[in-house]
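Written below as structure tokens is the structure these notes are about.
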Amino acid sequence: MTPSPVAALGDRFDEAIDAFRETAPAFDAAFDEIRNAASSRAFTIAGVTRADVVASVWRAMDVAIASGEAMATFRAAVLPALASAWGVSGDKAAPRVETIFRTNAAVAYNAGRYRQARHPDTVRLRPIWRFDALLDGRTSSICRTCHGTTLPADHPWWRTHLSPLHHRCRSSFVTLRASQVEPGEMTDRPPEEAPTGGFGRPPEDPWRPDPNAYPAPLRPAIRRALAPPPPLPA
């Protein structure tokens, strides 16, 4: 079973780092405009309109993914600013901060997995994918339904059901050699239950906001957020 992001991200995963760095800080209005086509390429925080706060949280998430940082460290870095932006206490903000961490870690992790799995050499050797959910009392109904779905890598079902499928999703997928799939294990009719809006789509070309499309007071913060991140340590 493929491990999923939990309290700490663990060893460095370059494809996941690259995938996260191709998102960009966005605000509710802009996010609504691109939701259907490119929501996997925008990093937004519901209820936060200050550019500097969104950008600082994006930077903190970037550090967490690049360094394998624990969720507690990320929470300490962003909780005060987010609690203030939401107008709630730190205790009430903490679960939402955890959702930000877990969801964006899962998006980056699975986007990295997707890039590895789509490499021509990998597709040639491992042309079959299987949806892999973590089954316990917290498993969502859609992930439980999709668990074990086994289809060719180019099957259209993966265009709408690539994990994560919802906030805090812990599912992933594994690649298989044809010899690893027993007769009768291929899925005849994949589940039709739809993921939460904005989830389930594979990563496509990076989306980048145009700073000039934002009000003038916000443009410096957008440009700072889009500045190249520091190089990864060797």
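Scoring 150-159, 107-116 by mean Cβ neighbours within 10 Å over their residues and listing the highest first yields 107-116, 150-159. Note on N212/R50: beta-carbon distance plugged into 1/(1 + (r/R0)^6) with R0 of 30 Å gives a FRET efficiency of 0.95. Under a Cβ-Cβ cut-off of 11 Å, what is the net charge of the residues other than R177 that fall near it, where Lys and Arg count +1 and Asp and Glu count -1? That works out to +2. Scoring 177-187, 127-137, 84-94, 52-62 by mean Cβ neighbours within 10 Å over their residues and listing the highest first yields 52-62, 127-137, 84-94, 177-187. Modelled label positions at S141 and Q180, each set 7 Å beyond Cα in the direction of Cβ, lie 3.1 nm from each other. Per-residue extension of 0.36 nm, minus the Cα-Cα distance of D14 and K92, leaves a gain of 24.8 nm for this segment.
We did not get these values from a lab; they are worked out from the coordinates using the rules stated. Here the structure is a predicted model, which is why all the values come from computation and not from measurement. Virtual Cβ from ideal backbone geometry, glycine too; neighbours counted across all protein chains shown.
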